[in-house]
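Let me begin by presenting the structure, written as structure tokens, before commenting on it.
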Amino acid sequence: MTLILRKASGFDLKNVKTHAEKLNLDSEKLEQDKLYIAEKNDDLAGFGRYKKHGKIYEISTVGVLGQYRKTGIGKLIIEKLVESASFENEIWLTTVIPGYFEKFGFSICCDVPRELVLKAKRICKKFKKPVDFNVYMKLEKFY
């Protein structure tokens, strides 16, 4: 079984949007140059992207499809996103599974950039989830 991790093409956007919404993930303004696709034997296995909000970067829309979970695909996607996002000192995310992201060095934060809070409110409203449904996390670069 061959796993490929690649940048998205224009053809991927609709498919990712459909799967992201089924998983209650942020599907706003998908941009193929910031979106990565994991394929296993030519099937969509997972996806993830980074977004820029003003001066901050966020890892967003990370999803692994059911039969491919617990195979390491999520880890590969996260590592690629952290490597690809040209953030200077920190990168953010919102999640309902903070324990998963702690393994990558992310830590829970309370002093959250306004842009990220507003985005989380929009997404929670769209999926009829309470705003406190999410945990905000940050990864800091150390030089």
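A short reminder: the numbers here are calculations on the coordinates, not readings from a lab. Bear in mind the structure is a predicted one, so any value in this text is a computation, not a measurement. Note: ideal-geometry Cβ built from the backbone for every residue, glycine included; neighbour counts use all protein chains shown.
Project the alpha carbons of the chain onto their principal axes and report the range along each, largest first, in whole Å.
Cα spread of the chain along its principal axes, largest to smallest: 43, 40, 27 Å.
Given Lys14/Lys52; Lys17/Lys129; Lys22/Lys75; Lys22/Lys119; Lys34/Lys55, which pairs have Cα atoms separated by over 23 Å?
Over 23 Å apart, Cα to Cα: no pair at all.
What's the magnitude of the charge dipole for the stretch 70-122 around its Cα centre, counting Lys and Arg as +1 and Asp and Glu as -1 at the beta-carbon? Answer in Debye, nearest 20. It would help to have the intermediate numbers written out before the result.
Numbers: 8 positive and 7 negative charges, 74 e Å.
So the magnitude is around 360 debye.
Let me spell out the model: positive unit charges on the Cβ of Lys and Arg, negative unit charges on the Cβ of Asp and Glu, origin at the Cα centre of the stretch 1-112. What dipole size does that give, in debye rounded to 20?
Numbers: 17 positive and 16 negative charges, 50 e Å.
Charge dipole, the stretch 1-112, about its Cα centre: 240 debye, nearest 20.
Can you give me the angle between helix 114-126 and the longest principal axis of the chain, using Cα atoms only, in degrees from 0 to 90, rounded to the nearest 10?
60 degrees
Over the stretch 17-143, what is the relative contact order in percent, taking alpha-carbon pairs closer than 8 angstrom and at least six residues apart? Intermediate values should be presented prior to the final figure.
Numbers: 175 pairs, mean separation 27.6, N = 127.
Relative contact order of the stretch 17-143: 22 percent.
Roughly speaking, what is the centre-to-centre gap between the stretch 46-71 and the stretch 79-143 when only Cα atoms are used, to the nearest Å?
10 Å
Which of the aspartates and glutamates could a cross-linker span from Lys138 if the Cα-Cα distance has to be under 13 Å and same-chain partners fewer than 8 positions apart are dropped?
Of all the aspartates and glutamates, those that pass the test against Lys138 - Cα under 13 Å, at least 8 places apart if same chain - are Glu58, Glu88, Glu90, Glu102, Asp111.
Report, in deg cm²/dmol and to the nearest 500, the calculated mean residue ellipticity at 222 nm for the chain, where each DSSP H run with n ≥ 4 adds -39500 (n - 2.57) and the sum is divided by the residue count. Intermediate results must be reported in sequence, preceding the final value.
Details: 4 runs with 41 residues, N = 143.
Taken over the chain, the calculation gives -8500 deg cm²/dmol.
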